[in-house]
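In what follows, a single structure is set out as structure tokens and then discussed.
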Amino acid sequence: MAAKGTRTPSYWYDGSAIPLPARLLAPLYGGAIALRRLLYRRGWLKRHALPVPVVVVGNVTAGGTGKTPLTIALVKRLRDAGWKPGVASRGYGRDEPGTARWVEATTATAIGGDEPVLIAWKTGVPVRVDADRVAAGKALVEAGCDIIVCDDGLQHYRLARDIEIEVVDAQRRYGNGRMIPAGPLREPVSRANDCDFRVVNMGQASDGVGAQPACGFGEWPMQLHIDSALPLSGGRPRTLAHFRGQRVHAVAGIAHPQRFFDMLRAQGIGVVPHAFPDHHAYQAADLRFGSELPVLMTEKDAVKCKVFANEWHFAVPLAADLPAAFWVNLLDRVDKLGKR
């Protein structure tokens, strides 16, 4: 069976007391991470380069920060610019994680992973899941890809990379600033300074004039847009205005479900929230809430629920919007890599 998903410990972000076992284990985890980085930096562990540019999208915290919407937007931009991108991913939570697979829009999420299936569905580019990102990258190159986007691969040091993009949540940032399991950090915050770009997920875009949220120096704001709902059982999309003033069941099995609920409320929709663990393996019974109301869910949840969806179930597409200057800067870097 697929992984049931994980919940973020509340003490990572709310300032509450950290359990003693977590406080004791964090230095051990931090020490192991520091040693591993040192081994790669000194060349005692080998990095493997691919013959095409490699762009890594990731974060230094555990859990979701908006990597998947950015990866989808990045792949589309690269394709529009004339590149043939492919996506390498581990495919977190899938069955048989040691088996490498090609992932398509129709691949079952249990074997492909929810995020890789979503990326394949939204972009149509080759997607390869493999615990070994180097092997995944080589397979994509052999399949004709001339640039590799590595989804959530910041800590996979075996794969040499040309550009690193860190994604950070504007609200939660780095939490309590402690290493796993005492806090959300996979690596020290200082690791983020090594990345070429820092994208800050600002959440819901505002229609107000001059409402662009502030970012720190050298940071790029990413805003998220929702405006429609797609029936999972088929049919024409509906605008979210169709649900304005109505009550709906809102389903989110993501790392930060409150963001999705808030985005729907900002559309004037009455939300009955149902938060599930990140990467939750849905069953039909999970969506039986005892009242016949529309069920709006994230696309990441929708790819796992399509097989048992009915006319009450809708996916809400999410689009990432970044400043034009970000894309100019990034694509200029990529073009220079392509000419090396």
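If you put +1 on each Lys and Arg Cβ and -1 on each Asp and Glu Cβ, how big is the dipole of the range 27-95 around its Cα centre, in Debye rounded to 20? Please list the in-between numbers first.
Numbers: 13 positive and 2 negative charges, 48 e Å.
Computed about the Cα centre, the dipole is about 240 debye.
For the range 59-213, would you read off the P(r) tail past 25 Å as a percentage of all alpha carbon pairs? It would help to have the intermediate numbers written out before the result.
Values: 3860 of 11935 pairs.
Everything past 25 Å amounts to 32 percent.
For Asp146 and His225, compute 0.36 nm times the residue count separating them, minus their Cα-Cα distance, and round to one decimal in nm.
25.5 nm is the gain from fully extending Asp146 to His225.
Against the longest principal axis of the chain, how steep is helix 20-41, in degrees 0 to 90 to the nearest 10, with axes from Cα atoms?
Between helix and principal axis, roughly 50 degrees.
Show log10 I(q)/I(0) for the chain at q = 0.12 Å⁻¹, two decimals, from a solvent-free Debye sum over equal Cα scatterers.
-0.90
Where both partners of a DSSP beta bridge lie in the chain, what percent of those bridges are antiparallel, to the nearest 5? Walk me through the intermediate numbers first.
On the way: 12 of 53 bridges.
Rounded to the nearest five, the antiparallel share is 25 percent.
Lys/Arg Cβ at +1, Asp/Glu Cβ at -1, dipole of the range 132-208 taken about the Cα centre: which of Cys150, Gln204, Met179 is farthest positive-ward?
The residue sitting most towards the positive pole is Met179.
Can you tell me the order of 145-153, 29-37 when each peptide is scored by its average per-residue count of other Cβ atoms within 10 angstrom, highest first? Walk me through the intermediate numbers first.
Numbers: 145-153: 24.6, 29-37: 14.1.
The packing order, highest mean first, is 145-153, 29-37.
How big is the dipole moment of the chain about its Cα centre under a simple scheme where the beta carbon of each Lys and Arg is +1, that of each Asp and Glu is -1, and everything else is neutral? Debye, nearest 20, please.
On the way: 43 positive and 33 negative charges, 163 e Å.
Here the size comes out at about 780 debye.
Helix-only estimate, please: 222 nm mean residue ellipticity of the chain, summing -39500 (n - 2.57) across DSSP H runs of length 4 or more and dividing by its residues, to the nearest 500. Working shown, then result.
Values: 8 runs with 91 residues, N = 340.
Estimated from H runs of four or more residues: -8000 deg cm²/dmol.
Per 0.36 nm of contour for each residue apart, how much would the distance between Leu24 and Ala108 grow if the chain were fully extended, relative to their Cα-Cα spacing?
Numbers: separation 84, 0.36 × 84 = 30.24 nm, distance 3.93 nm.
Answer, rounded to one decimal: 26.3 nm.
Rounded to the nearest whole Å³, what is the per residue volume of the convex hull around the Cα atoms of the range 28-72? Please list the in-between numbers first.
On the way: hull volume 4.0 nm³, N = 45.
Convex hull volume per residue, Cα atoms: 90 Å³.
So how far apart, in nm, are the two label points at Phe326 and Tyr40 if each is 7 Å from Cα heading toward Cβ?
With each label placed 7 Å out from Cα toward Cβ, I get 2.3 nm.
What shape does the range 297-340 take by its C-alpha gyration tensor, where a ≥ b ≥ c are the square roots of the eigenvalues and a/c under 1.5 counts as rounded, a/b above b/c as prolate, and the rest as oblate? Don't skip to the end; give the middle numbers.
On the way: a/c = 7.41, a/b = 2.88, b/c = 2.58.
Verdict is prolate for the range 297-340.
With all protein chains present, calculate the accessible area of Arg244 using a 1.4 Å probe and round the result to the nearest 10 Å².
For Arg244, the solvent-accessible surface is approximately 130 Å².
How large, in percent, is the carbon and sulfur part of the accessible surface of the chain at a probe radius of 1.4 Å?
Working: 8240 of 15380 Å².
That fraction is 54 percent.
Label points 7 Å out from Cα along the Cβ direction at Arg333 and Arg79: separation in nm?
In this crude spin-label approximation the distance works out to 2.3 nm.
Could you give the accessible area per residue of the chain, probe 1.4 Å, as a whole number in Å²?
Dividing the accessible area of the chain by its residue count gives 45 Å².
The values are calculated or read from the model by the stated rules, or taken from the named source; none is laboratory data. Note that the structure is a prediction, hence the values are computed from the model and not measured. All Cβ positions, glycine included, derive from the backbone under ideal geometry; neighbour counts span all protein chains shown. Surface areas here come from the heavy atoms of the whole protein model, side chains and all, with no ligands, DNA or RNA. Shrake-Rupley method; radii C 1.70, N 1.55, O 1.52, S 1.80 Å.
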